[in-house]
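Input: a single structure, listed below in structure tokens.
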Amino acid sequence: MTSKAKKLEKITFEEMLEMASLGSKILQIRSVEFAGKYGVPLRVLSSFDENNDGSFDQEFQDNVGTLITIDEGDNMEQAIISGIAFNRDEAKIVVRGVPDHPGIASAILSPIGRANIEIDMIVQNLSTNGTTDFTFTVNRTDMDKTMKVLENEVKDEIGAKEILANDEVVKVSLVGVGMRSHAGVASLMFQTLAENNINIQMISTSEIKVSVLIQEQYLEKAVKSLHTAFGLDREDGESKIAGL
């Protein structure tokens, strides 16, 4: 995605779990969970530097991969953002014109849950004339199944006007334990995307993560611009966040 990406020296289990669940394909999520639960540090090494005779050259030995650990340490707190992850396996579902009253979210999402479909991001718009739009994302492979459930079990039951689906979207996420102690991460992300004329369709956050849903065609542009804005392509790691 970007030729300026750098190897991380160290990352926490918490950050690695977030990145793995958000689309990074480096480690299997369950392995990170077990290692974190029992406090076993992991080191991720390259599988492409081995010599033909099975040995490793000096350059490889000096480049010892990425350590995944519980301890954030002083160096970890200096890194506001540890990485950017993206997930193409997203589809956006919009249930338009639903009555805005208590229980509407349950009426929409419960049948989907019974169909064993996992829901990711959720947004309910402000009410207008007593109705609202309810938007959420599912795995792209579950989009057709989700639409069938909504059409057959939900639409007429709740009096929704229409149901729309879009599978040309991706989720882009910033991950870093430094968010806990530094303000301005989300605002810089939104500013960077706006400067590149990339529209944000949905937003979700956690203590160490900010995710946005955008059109798939802007994925590469978004990732490259965010790498630059947060200093992930700089040797000194300097970001554009004021005062940092």
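The values are calculated or read from the model by the stated rules, or taken from the named source; none is laboratory data. The structure presented is a predicted model; accordingly, all values stated were derived computationally and were not measured. FYI the Cβ positions are ideal-geometry reconstructions off the backbone, even for glycines, and counts take in every protein chain you see.
Here are the numbers for this structure:
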{"item": "Residue match in the stretch 120-130 (condition: outside any loop (DSSP other than H, G, I, E, B), buried (at least 21 other Cβ atoms within 10 Å of the Cβ) and of a type outside the set (S, T, Y))", "result": "no"}
{"item": "First in the stretch 175-203 and modelled with pLDDT of 95 or more and assigned to a loop (DSSP other than H, G, I, E, B), second anywhere and among the basic types (K, R) and surrounded by 14 or more Cβ atoms within 10 Å (Cβ to Cβ), Cβ under 7 Å, 6 or more apart", "result": "N196/K221; I198/K221; Q201/K92"}
{"item": "Among the candidates K155, K148, residue that is exposed (fewer than 15 other Cβ atoms within 10 Å of the Cβ) and assigned to a helix (DSSP H, G or I)", "result": "K148"}
{"item": "Those strands (runs of 3 or more DSSP E) lying entirely in the stretch 1-118 with at least 1 residues modelled with pLDDT of 90 or more and under 30 Å from D133 (Cβ atoms)", "result": "83-99"}
